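To keep things clear, I will list the structure first and then write my remarks on it.
The values are calculated or read from the model by the stated rules, or taken from the named source; none is laboratory data. Bear in mind the structure is a predicted one, so any value in this text is a computation, not a measurement. Here Cβ is always computed from backbone atoms with ideal geometry, including for glycine, and neighbour counts include all displayed protein chains.
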Amino acid sequence: MNNDTIFALSSGRGKSGVAVIRIAGDDLGPLFSEMSGRAFDARRAYMVNFRDGDDLIDQCVMIYFAAPHSFTGTDVIEIQTHGAPAVIERVFTYLKAHGARMATPGEFSRRAFYNNKMDLADVDGLAALLDAQTERQRRQAIHAMTGDSHQYDAWRREMIEIAAYAAAILDYADDDLPANIGDVIHNKTQNLRDEIMGAISRYAAVRAVRGGFNIVLVGETNVGKSSLFNRILGANRAIVSDVPGTTRDVVGVTMDIDGYLVNLADTAGIRETTDMIEQMGIDRTHDEIAAADLVLRVVTDDMAPSPSQNEILIINKSDLGRGDRGRGDAIYTSAKTCAGMDQLMDAVRRRMHDMMDATDDALVINARTHALLGDAADNLGAAVAAGDNYDIMAEHVRRAADDVGQILGTINPTEVMDATFSQLCLGK
Ligand SMILES: Nc1nc2c(ncn2[C@@H]2O[C@H](COP(=O)(O)OP(=O)(O)O)[C@@H](O)[C@H]2O)c(=O)[nH]1
Ligand SMILES: [Mg+2]
């Protein structure tokens, strides 16, 4: 494998106090020597005057990591310069002149993978951590980065063991095998399948933590959706506020509620219309509803039908005093006076916590791992169904082990690898 020398800015772009530039390659000792102009040991931070001939590039901190004790498993140098764009550019120019090239996104991690420093589940976890904007995302991602591989590895080893016993039943006399081995491996296979199905069942919740819990406000025009949207937003921390559309379009905002990422969408009112633009808005409303984890259905009419499973029914404009009946299946609000807003937010929070609280230690499943876990569960199901046909059982359990092997990258096609590493940004 070709470990040519690559470099990238590992810290964020833009003006900052300190920038971290990472370099990876084979035998970077001579480069470190030249850049620092001094004798050095590995894994020690040196404050140096970084010169290119007469030009003092910057005063910076340099650290040399000798293979294999580095992020990539190759030699690595980290330079902490002042975070000015001009300094960073100057260091890049220097490095190019010394035969290094800019790394592609995820290239450091790719090297770490090939040098057995990370498996693909670790890369998924790292990608999730780098994306984390909220406390819950951080907790889920750090857990995934440090723990998911062990879980997959344990499953895979157990499968290989089961397959080996199943094959042994065919080859050895009963006396040479543990008692009831047939029942034992059947039970183990069934338990493994249950565990994997349990992990799969948390997919929607894991996705909601990672991508955001989708809440959408729907209802007819003029019931007060946009007013409620502003009230909800006003009471919470907006992370990014985007799409300042008209009420005909969907307006979305990203918030942090109790450490969870929440995508709140205001939508066009749903009604019959001949206006083409308005119709487009209404079509988008239907898309939002389809993707929603929670629908806030807003009405002003006390006689509205009961909410369905993923809805909260909001009867707004309670300040207008229409002699409401105090329905137990709805929340009465006034976007004007704020009456009922606390109750509404409590109800929203309850829904979020019910769905997502169990995900802190759940496997962080993404589309790739979800499909492979599904295959593994199917193969284990087929293994159980094989009954005392042990050669068939062994084959299905072996296939399940291969499915999990693909999750870890032990067995993998290159497209999968490319997709996994390209989630990462430059410098990782
Ligand atoms: N009295 C009263 N008026 C409200 C309330 N909420 C909204 N409105 C008014 O109702 C009208 C429509 O509100 P808007 O939020 O634009 O409704 P949307 O079409 O559903 O987005 C505006 O004039 C608001 O000021 C409320 O709780 N009480
Ligand atoms: Mg509106």
Test set (1) buried (at least 20 other Cβ atoms within 10 Å of the Cβ); (2) modelled with pLDDT under 85; (3) away from ligand 1 (no atom under 12 Å from the Cβ) - residue 269 fails condition number | (3)
Just checking, how many residues over region 203-229 are basic (Lys, Arg) and crowded, with 22+ Cβ neighbours inside 10 Å?
-> 1
Considering region 200-252, residues that are closer than 24 Å to residue 338 by Cα, modelled with pLDDT of 90 or more and within 20 Å of the chain's Cα centre (by Cα), and then whichever is farthest from ligand 2 (Cβ to nearest atom), we arrive at 213
Complete set of residues in region 303-343 that are outside any loop (DSSP other than H, G, I, E, B) and in contact (Cβ under 8 Å) with a residue 60 or more places away in the chain | 314, 341
Check whether at least one residue in region 381-388 is over 22 Å from residue 256 (Cβ atoms), in contact (Cβ under 8 Å) with a residue 60 or more places away in the chain, among the acidic types (Asp, Glu) and assigned to a loop (DSSP other than H, G, I, E, B), and report yes or no.
-> yes
Are any of the residues in region 331-354 surrounded by fewer than 21 Cβ atoms within 10 Å (Cβ to Cβ), farther than 30 Å from residue 227 by Cβ and under 31 Å from the mean Cα position of the chain (by Cα)?
-> no
Filter region 355-392 down to residues that are of a type in the set (Gly, Ala, Ser) and more than 23 Å from the chain's Cα centre (by Cα) and give me whichever is nearest to residue 132 (Cα to Cα).
-> 381
Test set (1) farther than 26 Å from residue 214 by Cβ; (2) free of Cβ contacts under 8 Å to residues at least 40 places away in the same chain - residue 409 fails condition number = (2)
